[in-house]
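For reference, the structure is listed below as structure tokens.
Please treat every number below as a calculation from the coordinates, not as lab data. In this text, all values refer to a predicted model and were calculated from it rather than measured experimentally. FYI the Cβ positions are ideal-geometry reconstructions off the backbone, even for glycines, and counts take in every protein chain you see.
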Amino acid sequence: MSQMLTITRPDDWHLHLRDVNDGRLQTVVNDTAKVMGRAIVMPNLKPAIVTVAQASSYRDRILSLLPAGSKFEPLMTLYLTDKTSPSEIKLAKESGFVKAVKYYPAGATTNSEDGVTDIKKVYPALEEMQSLGIPLLVHGEVVDPSVDVFDREAVFIDRVLQPLILDLSEMKVVVEHVTTREAVQFVIDASDNIGATITVQHLLYNRNAMLVGGIRPHFYCLPVLKRDIHQEALIAAATSGNKKFFLGSDSAPHFLTLKENSCGCAGCYTAMAAIELYATAFEKAGAIDKLEGFASFYGADFYGLPRNTDKITLERSATPRQLPRSIPCGRDNFIVPFPQETDIYWKLVG
Ligand code: DOR
Ligand code: ZN
């Protein structure tokens, strides 16, 4: 007997779409537009999307690749640099399509070289964002080489985030891809203008999946998977019905050869089955009834956007399927959908 689950169409509040040059944009747009109503599109391209003009042409490239009749809406972001001016922030607000600004500490992750070297340098831009109500999306990890990679998020909260929200107490902030119980607690304790996204890989796995029996590069993302107590805190937060926590997959496609490499890059390509994987995580926690709020309501509410009104249907089949070993992308490249060799019981059917 199969079980059906119908929920309001979800949105993805943290997504990497990449660009047309190497074929990844088309692949990711296809996988995303099948199910998501909207997505917050990350700006960490090469070169980074630092101006509204760049965001506008990137948006046009995305829209031009949408399947006919698709209503998918890309919500654009700007990449914050030491040089971002308050006037660019004003333009972002006026554009209507730039919905947030992304803060990467320089050197923290993929294509973050042009990120912020010292948060104090960007206060004029942040003050403008605060007054215009533009959310700051934070990659919350310190880059201090003396800090252990597993502690970088917790240290970031103490050193950067706590002081920041004291200085700019009205600013909307999304702590992206929270991975620790410290981050979960920080968000719970903070005011209602602080929210957080949670990825599905951090709900389904902990660092054992990446490191036991060999190094599994497809489980490597940033912030890195943590130990089980943190995974449990994330599951509890996501399934709690607390409106501060919402879906942001951080799906990040990298080519197979760059993941299966002596220096494999960070990112899990979850877009191929994102909502099915979230359903799996919520079902495992005995909280499938909490999926709709997390996936379809709370993110829109946080951003002050209308909730989607149409529905999607998932079927839980008695016969599981597995994702393909790889999918062709562009001319000679492949992407490995995440997770491999895992039975998936949920499937999008409508
Ligand atoms: O794992 C990650 N991949 N984390 C990030 O912060 C960036 C992303 C990417 O762009 O590949
Ligand atoms: Zn990301």
### Message
Which one, ILE157, PRO135, ILE198, projects farthest toward the positive side of the charge dipole computed for the range 107-243 from Cβ point charges (K/R +1, D/E -1)?
### Response
ILE198
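Between beta-carbons, use under 13 Å as the cut-off and find the net charge around VAL187, counting Lys and Arg +1, Asp and Glu -1. Walk me through the intermediate numbers first.
Working: positive: LYS172, ARG181, LYS243, LYS244; negative: GLU153, GLU176, GLU182, ASP189, ASP192.
My count for the surroundings of VAL187 gives -1.
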### Of LYS34/LYS93; LYS46/LYS259; LYS226/LYS259; LYS99/LYS244; LYS226/LYS284; LYS71/LYS99, those spanning more than 22 Å from alpha-carbon to alpha-carbon
LYS34/LYS93
### Message
Taking 8 Å as the Cα distance limit and 6 or more residues as the minimum spacing, I'd like the relative contact order of the range 190-230 as a percentage.
### Response
37 percent
### Query
Taking the mean number of other Cβ atoms within 10 Å as a proxy for protection, how do you rank 142-149, 331-338 from highest to lowest?
331-338, 142-149
### Summary
In debye to the nearest 20, the charge dipole size for the range 203-350, taken about the Cα centre with +1 at each Lys and Arg Cβ and -1 at each Asp and Glu Cβ, equals 160 debye
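Calculate the dipole size of the chain relative to its Cα centre from +1 charges on Lys and Arg beta carbons and -1 charges on Asp and Glu beta carbons; express the result in debye to the nearest 20. Spell out each step's value before the answer.
Details: 36 positive and 41 negative charges, 162 e Å.
Dipole size: approximately 780 debye.
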### Task
Specify whether the C-alpha gyration tensor of the chain places it in the rounded, prolate or oblate class, a ≥ b ≥ c being the square roots of the eigenvalues: rounded for a/c under 1.5, otherwise prolate if a/b is larger than b/c and oblate if not.
rounded
### Message
Give the average over all directions of the projected area of the C-alpha convex hull of the range 26-67, one decimal, in nm².
### Response
3.1 nm²
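Taking every DSSP beta bridge with both residues inside the chain, roughly what % is antiparallel (nearest 5)?
Details: 14 of 39 bridges.
So the antiparallel bridges amount to about 35 percent of the total.
Using 0.36 nm per residue, how much length does the chain from THR6 to ASP151 gain when fully extended, once their Cα-Cα distance is taken away? Show your work: numbers first, answer last.
Values: separation 145, 0.36 × 145 = 52.20 nm, distance 3.87 nm.
Working it through step by step, the gained length comes to 48.3 nm.
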### Summary
Of the candidates SER296, GLY330, ALA285, the farthest towards the positive dipole end of the range 278-335 (Lys/Arg Cβ +1, Asp/Glu Cβ -1, centred on the Cα centre) is GLY330
### Query
LYS71 label point, 7 Å along Cα→Cβ, cut-off 19 Å on backbone N: hits in the range 278-306?
292-293, 295-301, 304-306
### Message
Students often get this wrong: which residues of the range 65-94 have the backbone nitrogen under 17 Å from the point 7 angstrom along Cα-to-C-beta of ARG331?
### Response
none
### Cut-off 13 Å between beta-carbons: net charge of the residues surrounding ALA196, Lys and Arg +1, Asp and Glu -1
-2
